[in-house]
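J.: Sharing a structure, written as structure tokens. Questions coming.
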Amino acid sequence: MVVYQWQGTEYVPTSTEQLDDDFSSGWRIRCWPLQPNNALLHQHLNQLAPAPLMIMANEFGVDIYVAGMTEQEIQSWTANLSDVPFNYAVQSTNESRVKPKLLVFDMDSTLIQMECIDELARRCGFYDKVAAITESAMRGELDFAQSLRKRVALLKELPVSVIDDLAADLPFTHGVQAMAKWARQQGIHLAVVSGGFVPFVEALKRQLHFDFAHANTLEQKEGQLTGEVS
């Protein structure tokens, strides 16, 4: 732990004795993945001057405690972080020990290392066409609903058994199973909310013992997909 105070043109280390009370009612900014000597982080921290800072680091990231700033000032500062290459979360230190009650996750390339619709398209022989539609959506030429329906249309007549086979062997992201076990031990509810499809989130819910699972429903008829989303 290092405490910094602004002196003229830069932050310098200082004693912690007079500042403990200030940080108890300030803000906690969690940044990851980062190291405390990261030049980009310090560049943005200078914008907080002259607020006292306390920086704590571990193997996962950096915790920055900020004293003497209003909520409006913190929001103004974080507005300038929209294009930085690291994640961050801001919380009042008065609330920093509140136990979470619900954790909500995306599925594709998050809880699992797979894009489900891409894998289904490979089995139909339409992977390139699906990828082209995805890229068009990423460029803003299609909204999500339009791109989803166009991609699903290419899956018409795919056997439902293909989905079942994929869902039975999901490639979980490293650490996800340990996280889910820890959350259950803490009494925290778990949810997955995905733009993907129900069979996959239901399989994930069952295998990881999640509480809630929400996604899109693929229409099927006589054991095959119709190419529609209901």
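The values are calculated or read from the model by the stated rules, or taken from the named source; none is laboratory data. Note that the structure is predicted; figures quoted are calculated from it, not measured. Methodologically, a virtual Cβ is constructed for each residue, glycine included, from the backbone with ideal geometry; neighbour enumeration extends over all protein chains shown. These accessible areas exclude ligands, DNA and RNA; they are computed on the full protein's heavy atoms, side chains included. Shrake-Rupley method; radii C 1.70, N 1.55, O 1.52, S 1.80 Å.
J.: Just flag the GluC sites (Glu not before Pro) in segment 167-230 sitting in loop per DSSP whose Cβ has no more than 14 other Cβ atoms within 10 Å.
T.: Hits after loop and neighbour filter: Glu222.
J.: Return the inverse of the average 1/r over all pairs of distinct C-alpha atoms in the chain, which is the Kirkwood hydrodynamic radius, in Å to one decimal.
T.: 20.9 Å
J.: I want the antiparallel fraction of DSSP beta bridges within the chain, as a percent rounded to 5.
T.: Values: 28 of 37 bridges.
Antiparallel bridges: around 75 percent, rounded to the nearest 5.
J.: If you don't mind, there's one more thing I want to ask. Among Ala180, Leu154, Ala203, whose Cα lies farthest out toward the positive end of the dipole of segment 126-230, if unit charges sit on the beta carbon of Lys, Arg (+1) and Asp, Glu (-1)?
T.: Most positive-ward Cα: Ala180.
J.: Please give the solvent-accessible surface of Glu73 in Å², to the nearest 10, using a probe radius of 1.4 Å with every protein chain present.
T.: Rounded to the nearest 10, the figure is 90 Å².
J.: Which value in deg cm²/dmol, rounded to the nearest 500, describes the helix-derived mean residue ellipticity at 222 nm for the chain, given -39,500 (n - 2.57) per DSSP H run of n ≥ 4 and division by the residue count?
T.: Mean residue ellipticity at 222 nm (helix-derived): -9500 deg cm²/dmol.
J.: Using a 1.4 angstrom probe on the protein heavy atoms only, line up Trp182, Trp32, Trp77, Trp6 by accessible area, largest first.
T.: Greatest to least solvent exposure: Trp182, Trp32, Trp6, Trp77.
J.: Kindly sort Lys221, Lys99 by accessible area of their heavy atoms, largest first, with the probe set to 1.4 Å.
T.: Lys221, Lys99
J.: Under unit Cβ charges (Lys, Arg +1; Asp, Glu -1), what dipole magnitude, rounded to 20 debye, does the chain have relative to its Cα centre?
T.: Once rounded to the nearest 20, the dipole reads 500 debye.
J.: Among Ser109, Leu142, Ala132, which residue has its Cα furthest toward the positive end of the charge dipole of segment 71-148, with +1 on Lys/Arg Cβ and -1 on Asp/Glu Cβ?
T.: Ser109
J.: If you take the C-alpha gyration tensor of segment 114-230, multiply each eigenvalue by 5 and take the square root, what semi-axes do you get, largest first, in whole Å?
T.: Each semi-axis is the square root of five times an eigenvalue, giving 27, 17, 13 Å.
J.: A 31 angstrom limit on the alpha carbon distance is what I want to check against. Which of Lys181/Lys221; Lys150/Lys181; Lys99/Lys150; Lys150/Lys205 exceed it?
T.: Where the Cα-Cα span goes over 31 Å, the pairs concerned are Lys181/Lys221; Lys150/Lys181; Lys99/Lys150.
J.: Once you order the gyration tensor axes a ≥ b ≥ c over the Cα atoms, which shape class does segment 77-121 get: rounded for a/c under 1.5, otherwise prolate or oblate by comparing a/b with b/c?
T.: Oblate.
J.: Is the C-alpha gyration tensor of segment 94-143 telling us rounded, prolate or oblate? Criteria: a/c under 1.5 is rounded; beyond that, a/b larger than b/c is prolate, otherwise oblate.
T.: oblate
J.: Another question about this same structure. Suppose accessible area is computed on protein heavy atoms with a 1.4 Å probe; arrange Phe212, Phe60, Phe200 from highest to lowest.
T.: Largest to smallest exposure gives the sequence Phe60, Phe212, Phe200.
J.: With every protein chain in place, what's the accessible area of Ser76 (1.4 Å probe, Å², nearest 10)?
T.: Around 70 Å² of this residue is reachable by solvent.
J.: Quick check for me: using +1 on Lys/Arg Cβ and -1 on Asp/Glu Cβ, what's the dipole size of segment 63-147 about its Cα centre, in debye to the nearest 20? Present the calculation step by step, with values, prior to reporting the outcome.
T.: Values: 7 positive and 14 negative charges, 65 e Å.
Dipole of segment 63-147, to the nearest 20 debye: 320 debye.
J.: May I pose another question? For a test of the definition: using alpha carbon positions, the gyration tensor, and the 1.5 limit on a/c, classify segment 106-181 as rounded, prolate or oblate.
T.: Values: a/c = 2.65, a/b = 1.40, b/c = 1.89.
Oblate shape, in that a/c is at least 1.5 and b/c is the bigger or equal ratio.
J.: Could you tell me the center-to-center distance, by alpha carbons, between segment 49-69 and segment 112-127 in angstrom?
T.: 43 Å
J.: Another question, if that's okay. Tell me, what is the 1.4 Å probe accessible area of Tyr127, in Å² to the nearest 10?
T.: Approximately 70 Å² of Tyr127 is accessible to the 1.4 Å probe.
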